[in-house]
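Comments concern the structure below.
The values are calculated or read from the model by the stated rules, or taken from the named source; none is laboratory data. Remember, predicted model here, so these are calculated numbers, not experimental data. Quick reminder, even Gly has a Cβ in these numbers, built from the backbone with ideal geometry, and neighbours come from all protein chains shown. When the accessible area is computed, the model is the full protein with side chains, heavy atoms only, and any ligands, DNA or RNA have been set aside. Shrake-Rupley method; radii C 1.70, N 1.55, O 1.52, S 1.80 Å.
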Amino acid sequence: PALSVFDGLLRKAIEHITNSSLTDAQWLQASLPIRDGGLGVRRVSSLALPAFLASAASTVSLQDAILANCQLSDCPFFSQYCQNWSSAFGLLPDPIPSKQSFWDHPGVQLDRATVEASFTSPFHRACFLAAASRHSGDWLFALPIASCGLKLDDEAVRVSVGLRLGLKLCEPHQCQCGAQVDVHGLHSFVCKQASGRSARHHALNDVVARAFSAAGTPVTKEPAGLCRTDGKRPDGLSLIPWQAGKPVVWDVTVICTTAVSYIDHSAREAGAAAEIAATRKTAKYSNLAAQYSFCPVAVETHGPLNEEARQLLCDVGRRVAASSGDDREVSFLFQRISVVVQRFNSVLLHNSFLVDDQPE
């Protein structure tokens, strides 16, 4: 019974730290692993059984050596807990697995199914699918090192958690452009008059350009002479061939996962908004295909990236790792991008607030 009490304290702590109010379904989602759309703050009531069974099963040989003729199967606790697990998730294989992931995975999937069954709107389903997509939760893995630009302030953490769990972010209000902003802050992430949009774009492009440079590939941003049909230039160009004898050209864009024009697609498939934006970018730069390898880098406000961008960034990260000798460079690159996106989500939300500068 103490497990539930501990979980209650853990839930209150998360609500206090993130300045959020969680429903039972949102708390259940928060307790899921990060790769399954949660915050990675696991409930001890869900971990207790898998942890005990994995520990007991992995020490069988040691117990047999110490206790001689006593067998693990003679332990009433182990037998009972194995039966409890089997009743919930099916028969056990022989030999009994010793990895905790085996015992834990079915419970995680059951909790995830419970969370998904609680959704009543495309908005919450889109938020969850985005949260469970690859790299969308990389900001949660980043070490909060301020000198590396990886530290989020308290408000950025609150907004990031709110977007991930589909929480209320603000009171309904009128944006500085005159449009209405709902409790989820939707309009603030698509408002074309927000000053943070340009800064966000430049910050993301800087991360990509610096990664190329760290990989030993000289680049130039907004290269002159490379224009699409409407006269706009791409965000960057490698000055030496990147692949198959062609320099790479990239262009960064950020789209809102839950925008009205994307919500139906996002509620069906994670990263759908990013893929739509990437396809649109590719079409606009189709005139460069003969001489350059073009790659759109489309990132959603909730974290997902388009597949081409993931492949490009993985390739860049591997080349950086080859130079630095640190195999974690790919992860670090995705974490930097994820942190930038989440930081500017908070900036854009606050751009929508009207500030009364008149003294009383």
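Only lysines eight or more places from residue 284 in sequence, or on another chain, were considered; those with a Cα closer than 24 Å are 192, 221, 232, 246.
For the stretch 176-187, backbone phi angles converted through the Karplus equation (6.51, -1.76, 1.60; θ = phi - 60°) give residue-by-residue couplings of 4, 8, x, 7, 8, 10, 7, 5, 8, x, 3, 4 Hz, Gly and Pro being listed as x. With the simple model of a label 7 Å out from the Cα in the direction of the Cβ, residue 198 to residue 117 spans 5.1 nm. Taking all protein chains together, 139, 103 sort by accessible area into 139, 103, largest first [probe 1.4 Å].
Straight-line reach from residue 151: taking Cα to Cα under 15 Å and skipping same-chain neighbours fewer than 8 places apart, the aspartates and glutamates in range are 138. May I ask for the angle, rounded to the nearest 10°, between helix 44-58 and the longest principal axis of the chain, with both axes built from Cα atoms and the value confined to 0 to 90°? Relative to the chain, helix 44-58 is tipped by roughly 60 degrees. Computed from phi, the 3J(HN,Hα) profile of the stretch 100-115 under the Karplus parametrisation 6.51, -1.76, 1.60 (θ = phi - 60°) reads 5, 4, 4, 6, 7, 4, x, x, 4, 5, 5, 5, 5, 5, 5, 4 Hz, with x in place of Gly and Pro. Packing here is the average count of other Cβ atoms within 10 Å per residue, and on that basis the peptides 266-274, 106-114, highest first, run 266-274, 106-114. Amide H contacts of residue 219 (H built 1.01 Å from N, in plane; Pro and chain starts excluded): 239 sit under 5 Å, all sequence-distant by 5 or more or on other chains. Beta bridges per DSSP, both residues in the chain: antiparallel share near 55 percent.
Put simply, the amide H of residue 236, placed in the peptide plane, has neighbours under 5 Å in 222, 250, leaving out anything fewer than 5 places away on its chain.
Once the Cα atoms are used to define both axes, helix 272-284 deviates from the longest principal axis of the chain by about 30 degrees. Counting only DSSP H runs of at least 4 residues, each contributing -39500 (n - 2.57), and dividing by the residue count of the chain, the helix-based mean residue ellipticity at 222 nm comes to -16000 deg cm²/dmol.
Taking residue 12 as the anchor, which lysines have their alpha carbon closer than 23 Å to its alpha carbon, excluding any fewer than eight residues away along the same chain? Reachable lysines: 168.
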